[in-house]
Amino acid sequence: MATGVPCVVTDAGDSALLVGDTGIVVPKRDPEALCAAWQRLLDAGPDSRRAMGERARKRIMDHYSLQAMINRYEDLYRNLTSGRES
């Protein structure tokens, strides 16, 4: 996703949460659904795949990049320490 490649993932673990609406999520242990999802990507054409990949990269950068994580920790620490005396 971070490289702009559209993903097909199974709904195992947090894969679906990570991908969100920027990829295709299929049930685990369902090879037919996996095959259909890959075919859907192929049928979508290069422009659609490129757009999906760009949305995936943006999702990763906005929510899971190092800077996004730093910002979350800063917000957490700020919230935990607000209202306390030094």
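Points to keep in mind about this one:
- Enumeration of residues in region 28-37 that are surrounded by 11 or more Cβ atoms within 10 Å (Cβ to Cβ) and out of contact with any strand residue (DSSP E or B) (no Cβ under 7 Å at 6 or more places or on another chain): Asp30, Cys35, Ala36
- Checking each residue in region 33-61 for being within 20 Å of Asp14 (Cβ to Cβ), in contact (Cβ under 8 Å) with a residue 40 or more places away in the chain and charged (D, E, K, R) picks out Arg57, Arg59.
- Total residues in region 38-73 satisfying the condition of being out of contact with any Pro (no Cβ under 9 Å at 6 or more places or on another chain), polar (S, T, N, Q) and surrounded by 12 or more Cβ atoms within 10 Å (Cβ to Cβ): the figure is 1.
- Which numbered condition Val25 misses (of (1) among the hydrophobic types (A, V, I, L, M, F, W, C); (2) modelled with pLDDT of 95 or more; (3) surrounded by fewer than 16 Cβ atoms within 10 Å (Cβ to Cβ)): (3)
- With respect to (1) at positive phi; (2) modelled with pLDDT of 95 or more, the lone exception for Thr10 is condition (1).
- Counted residues, region 11-37 - those being outside any loop (DSSP other than H, G, I, E, B) and either out of contact with any Pro (no Cβ under 7 Å at 6 or more places or on another chain) or within 17 Å of Arg50 (Cβ to Cβ) (or both): 14
- Arg50 being modelled with pLDDT of 95 or more and under 9 Å from the mean Cα position of the chain (by Cα): no
- Filter result for Pro6 (in contact with a strand residue (DSSP E or B) (Cβ under 9 Å, 6 or more places away or on another chain) and crowded, with 17+ Cβ neighbours inside 10 Å): yes
The values are calculated or read from the model by the stated rules, or taken from the named source; none is laboratory data. Computed from a predicted model, the values in this text were never measured in an experiment. For neighbour counting, all protein chains shown are included, and Cβ atoms are generated from backbone atoms with ideal geometry for every residue, glycine included.
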